[in-house]
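*Asks:* Mind having a look at this structure? Questions to follow.
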Amino acid sequence: MLYAKEHNRIEHFYTGVSLRTTFLVNSSANYAAAIDYQTKMLDYAKKHNHLYGIMTGLVSLGNMHRSCFQLVQAIDAYKQALELNKKYPSRFHDIGIDYKRIAECYFIAINFEKTLEMANLGLALSKSEVSIGGLQCIKALALFMLDRDAEFIKAYNAYKSHTNVALGVLPHMANCVEVMKKIYDADYAAVNKMLTHENIGGYITYIDVAYNKRIKNYPRVLDAMRRYNILAYGESNEAFAPGFMQMGSAVTNNLAELDRRRAANENSRLELTRINLELTKTQLELYLSRDSQLIANTAAESQRLTYNNQRLLASCPTRLPHSVFCARQAWKRQSRTAYVLL
């Protein structure tokens, strides 16, 4: 930096500033010291009207704010750099990169509509294949989270058609969009395998939300949203991130509908049980009534047979068996005949 300053090599001087800022972060994770140093060097660049120093300083500040999850500050720094690059365009700088940085911040902030807006603006102005590939990737991620599947697969195919996309896409993001493609294909076995073996980093939250929303596991969706909130805003914050608010409302409505259906099904089950009990009771009463009628009919038949038997007995001249009665009558006739002959 001292050599570059002595020889008026402004670009090299500010490259040294960026490298020193990166060293402060990586050596001690001291973001406060790094941001403080970069802010002072940005003021220095503004004081001396060093355009390159201003732009690189703003990008460096944006990167550190993004790493600290200070997304509002990060977007503000990136947008200032973007406006400078618009005002003083350079053939060595592709403006699509500025839009990609901003789009990524909006995606992390769960503002998928703004992510899409920034990605489309960048694609309209970008001339670098690396930037275009990166913008198509972040566009595909946003479209998937918005459930716009037809547009998602179109953006995904455009992203895959660029040969150097790996240079413009973070590895975690690249793995995330591949998992989303498997969810789109409903290849859930591959999804589970990728979640086990691929490094997705913080993007796992988006997969958790999108995957469980697709399979209608709404309690898990809310759990993933809450875990994101704890990561982004701390445990004390109970409100969902802006982009999750509408989604959270839809999920809550779905859960309420599931509860309503569950209650309706339970009421139907209880009503069916009551009807079955009524039917069983009616059948038992019918059986009892039929048995009572059978007993009454049997008793009546028994009484009728007894009555008929008594009538038959009453009409007979003797109670002796018929054969005996006939034999006795024959003997009497024979006896009378014998007496007359004597």
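Where a number appears in this text, it was derived from the coordinates with a stated rule and is not lab data. If you're wondering where the values come from, they're calculated on a predicted model, not measured in any experiment. Counting neighbours? That spans all protein chains shown, and the Cβs are built from the backbone with ideal geometry, glycine included.
*Asks:* Can you pick out the pairs among K79/K160; K47/K139; K139/K216 whose Cα atoms lie more than 30 Å from each other? Before the final figure, lay out each step's value.
*Replies:* Numbers: K79/K160 28 Å; K47/K139 38 Å; K139/K216 24 Å.
Over 30 Å Cα-Cα: K47/K139.
*Asks:* First select every other residue whose beta carbon is under 15 angstrom from the beta carbon of D149; then total the charges, Lys and Arg +1, Asp and Glu -1.
*Replies:* Numbers: positive: K139, R148, K154, K181, K182, K213, R214; negative: D147, E151, D185, D187.
The answer is +3.
*Asks:* A further question follows. In terms of the Cα gyration tensor, with a ≥ b ≥ c the square roots of its eigenvalues, is segment 2-182 rounded because a/c is under 1.5, prolate because a/b exceeds b/c, or oblate? Kindly include the intermediate steps, with their values, before the conclusion.
*Replies:* Values: a/c = 2.22, a/b = 1.80, b/c = 1.23.
Taking the square roots of the gyration eigenvalues as a ≥ b ≥ c, segment 2-182 is prolate.
*Asks:* Right, something else. Post the alpha-carbon centroid distance, segment 134-181 to segment 21-91, in whole angstrom.
*Replies:* 27
*Asks:* How high is the FRET efficiency from N26 to K216, r the C-beta distance, R0 35 Å, rounded to 0.05? Walk me through the numbers before you get to the answer.
*Replies:* On the way: r = 43 Å, r/R0 = 1.24.
Efficiency computed from Cβ-Cβ geometry: 0.20.
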